[in-house]
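Q: Below: one structure in structure tokens.
Rule-based calculations on the coordinates, nothing more; no lab input. Computed from a prediction, not measured in an experiment: that's the story for all the values here. For neighbour counting, all protein chains shown are included, and Cβ atoms are generated from backbone atoms with ideal geometry for every residue, glycine included.
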Amino acid sequence: MTCVTEPQKRIPVRSDVDVVVAGAGVAGVFAALGAARAGARTALVERFGNVGGNIGPGMIVNGHMISGRACPEVRYECTVYPQLYGLGREFLDRYAELGGGSLPPVKETFYAWDASIASYVAQTMLEESGVELLVGTMVADPVMDGHTVRGVYIETKSGREAVTARVTVDATGDADLARRAGARVLHPRNEYHELDGHAPTGMGISYLVGGVDWPAFNQAKSNHRPARKDLEWGAAVLGDRAAGMGLLLPALRQAVETDGYEPNPTVELDGVPVEFDTGALSPLPAPGIAQGSGKVGRVETVDTGNGAHMAALETHLRRRIFEHVMMYRRYVPGFEQACLLAVAPFLGSRGGPCISGDYTLTMDDCRAGRRFDDVLYLYGEFRALRYTAAQGRPLWVDMPYRALLPKGLEGLLAVGRSASGIPDTLLRNRMGCKVMGQAGGTAAALAAARDETPRQLDVRALQERLLEDGFYLGDRFRLRELGLV
Ligand SMILES: Cc1cc2nc3c(=O)[nH]c(=O)nc-3n(C[C@H](O)[C@H](O)[C@H](O)COP(=O)(O)OP(=O)(O)OC[C@H]3O[C@@H](n4cnc5c(N)ncnc54)[C@H](O)[C@@H]3O)c2cc1C
């Protein structure tokens, strides 16, 4: 039997709202906030118990919450034009007030603590804005009416329910909802490596280790002199990875030779071997705590929108993380009492499938600082900024509203990584995701209020609203050109 038929059944409507947002990650939180603050009755659905996605439960709050200093002349806020903040600014101010790290001037980063602050601040802002927060709730299929999305089916402890909405926002990170609605999607490609060192995909799962005696480790590290036999073994077995491993190299060799520890783990995805790794553990600014990250080789074989791929990667990585910590316990000085404290509940990704939008933003657009009449904000893809700064002047690109509209579907907007960009990691920058989320949520609220689909929405009306909310769409000359002054 290759297929079964799901019997038709009547599904209770849990909520009927103006805007429903699928996924409370970086973009989804701000989409819900943007929609609610623009006056829409808004529901936000998240599979985990806490919000924030990669910067919340994912525990990946590094890289400056506003990432990528392009060059000395480009300020740290460079993933969006420096004068643009929107709700992202409010979020960061509140995050900083509670001691959140990774903000310039960066002194220290404490992933787990910073992530709890990010989740807490996001949840507080959502509650204050009156967003109906459905956590621990899985978004299943979209509710379809022909080619129009009219909400989502959800799975909770109560069973299958629906949230119906005038406008639906896909903020799942991998355009999961758009794909289920039948949208054409763009997949990562190996050739994107040339455009973006992080492409394709770039995945990681964070984990925390406690009980480390760092002084003992540091002492052993400073006394360590690499033995020729270890270096030869490393070069033969690990290749380039052996360079700079320090204390870990003899430990790994012992584990391989004594316990049969696998030095180069791989997982097969559709018959293709994909490498994965758990790396070195590094100290966090709390006594005895270490942070690690499980990583997956960057090849287009990995499809973050494929349930079987994700299950295989997660199970192998989780097993490996435990065994890696055991290896440290047995063979690395200072780790004798170490224990695995927490592993993030999901394998995060920098890229993956995204919608094929009415427009697809490209690295060429970013490098050329291209202008679009349906501009939502000025985006600074940080590699493009670095590139253009090296050519003489850093350039920001107009983020076009059309990149949020999935071709062939009505009633749906995609924000964050789900929006349309090539390479697949192009739109991943966190500050950019926040601002795009807010712009998408605002668009959804306006469309709902006017009884229009997002595609029918008058972009000028949206731009006027974004300007009122403090967005920067260009200088006075540009605003005049756009008919906005
Ligand atoms: C290892 C790593 C390091 C990174 N480093 C940086 C960095 O230094 N700087 C930077 O700017 N960016 C970085 N990023 C990228 C950044 O974190 C992501 O691009 C960003 O989180 C994308 O935001 P998003 O809202 O689109 O997706 P996510 O943050 O992934 O959010 C998606 C949300 O949707 C939820 N969801 C998905 N499916 C469902 C469903 N069916 N039902 C309910 N909920 C669902 C998820 O649980 C999640 O909360 C990094 C990413 C990784 C993985």
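Q: Calculate, in nm to one decimal, what Arg476 and Met138 gain on full extension: separation in residues at 0.36 nm each, minus their alpha carbon distance.
A: That works out to 117.2 nm of additional length.
Q: Here is a further query. Compute the long axis of helix 111-128 from its Cα atoms, compare it with the longest principal axis of the Cα atoms of the chain, and write down the angle in degrees, 0 to 90, nearest 10.
A: The angle comes out near 20 degrees.
Q: Report, to the nearest 10°, how far helix 459-468 tilts away from the longest principal axis of the Cα atoms in the chain, using its own Cα long axis and a range of 0 to 90°.
A: Here the helix axis deviates by roughly 70 degrees.
Q: Would you grab the residues whose amide H sits under 5 Å from the one on Val21? Only those 5+ places off in sequence or on another chain, please, with H modelled 1.01 Å from N.
A: Those qualifying (amide H under 5 Å, at least 5 residues apart or on another chain) are Ala43, Leu44, Val45, Val169.
Q: What size of dipole, in debye to the nearest 20, comes out for the chain about its Cα centre when the only charges are +1 on Lys and Arg C-beta atoms and -1 on Asp and Glu C-beta atoms?
A: So the magnitude is around 460 debye.
Q: To the nearest whole percent, what portion of all C-alpha pairs in the stretch 335-458 is separated by more than 25 angstrom? Walk me through the intermediate numbers first.
A: Values: 2446 of 7626 pairs.
In whole percent, the long-distance tail amounts to 32.
Q: Then there is this: Under 19 Å from a label point 7 Å along Cα→Cβ of Val237: give me every residue in the stretch 319-335 with its amide N that close.
A: Output list for this probe position: 320-333.
Q: Checking the cross-link filter: which aspartates and glutamates have an alpha carbon closer than 14 Å to that of Lys295, excluding same-chain neighbours under 8 positions apart?
A: Excluding near neighbours in sequence, the set is Glu275, Asp277, Glu314.
Q: Checking the cross-link filter: which lysines have an alpha carbon closer than 26 Å to that of Lys229, excluding same-chain neighbours under 8 positions apart?
A: Correct list for Lys229: Lys221.
Q: Distance between Cα centroids, the stretch 334-370 to the stretch 384-452: provide it in whole Å.
A: That distance is 15 Å.
Q: Nearest 500 deg cm²/dmol is fine: what mean residue ellipticity at 222 nm does the chain get from its DSSP H runs of n ≥ 4 alone, each adding -39,500 (n - 2.57), divided by its residue count?
A: Working: 13 runs with 154 residues, N = 485.
My calculation for the chain gives -10000 deg cm²/dmol from helical runs alone.
Q: If you average the sequence gap of Cα pairs under 8 Å that are 6 or more apart and divide by the length of the chain, what percent do you get for the contact order?
A: On the way: 1102 pairs, mean separation 112.7, N = 485.
This gives 23 percent for the chain.
Q: To the nearest 10 degrees, how steep is helix 248-259 against the longest Cα principal axis of the chain, on a 0 to 90 scale?
A: 70 degrees
Q: Here's a follow-up. So what are the ³J(HN,Hα) numbers for the stretch 146-156, from phi and the Karplus equation (6.51, -1.76, 1.60; θ = phi - 60°), rounded to whole Hz, Gly and Pro as x?
A: x, 9, 9, 8, 10, x, 9, 8, 10, 10, 10
Q: Check Leu269: other-chain or 5+ apart residues with amide H under 5 Å from its amide H, H built from backbone geometry?
A: Val274
Q: Starting from the Cα coordinates of the chain, work out the convex hull volume and express it per residue in Å³. List each step's numbers first, then the result.
A: Values: hull volume 78.7 nm³, N = 485.
Here the figure is 162 Å³ per residue.
Q: Can you list the aspartates and glutamates whose alpha carbon sits under 14 Å from that of Lys157, skipping same-chain ones fewer than 8 residues off?
A: Glu46
Q: Next up: Got the relative contact order for the stretch 375-433 handy, in percent, Cα pairs under 8 Å and 6 or more residues apart?
A: This gives 28 percent for the stretch 375-433.
Q: Report the full-extension gain for the segment His187 to Trp214: residue separation times 0.36 nm, less the Cα-Cα distance, to one decimal in nm. Could the numbers behind the result be given before it?
A: On the way: separation 27, 0.36 × 27 = 9.72 nm, distance 4.26 nm.
Extra length from His187 to Trp214 when fully extended: 5.5 nm.
Q: Could you give each residue of the stretch 395-412 its phi-based ³J(HN,Hα) in whole Hz, using Karplus coefficients 6.51, -1.76, 1.60 with θ = phi - 60°, and x for Gly or Pro?
A: Running phi through 6.51 cos²θ - 1.76 cosθ + 1.60 with θ = phi - 60° gives 10, 9, 10, 6, 8, x, 4, 4, 6, 9, 9, x, 3, x, 10, 10, x, 10 Hz.
Q: Determine, from the Cβ-Cβ distance of Glu268 and Ser158 and an R0 of 30 Å, the FRET efficiency 1/(1 + (r/R0)^6), rounded to the nearest 0.05.
A: So the FRET efficiency works out to roughly 0.20.
Q: Please list 334-347, 18-31 highest first by mean number of surrounding beta-carbon atoms within 10 Å per residue.
A: Highest mean packing first, the order is 18-31, 334-347.
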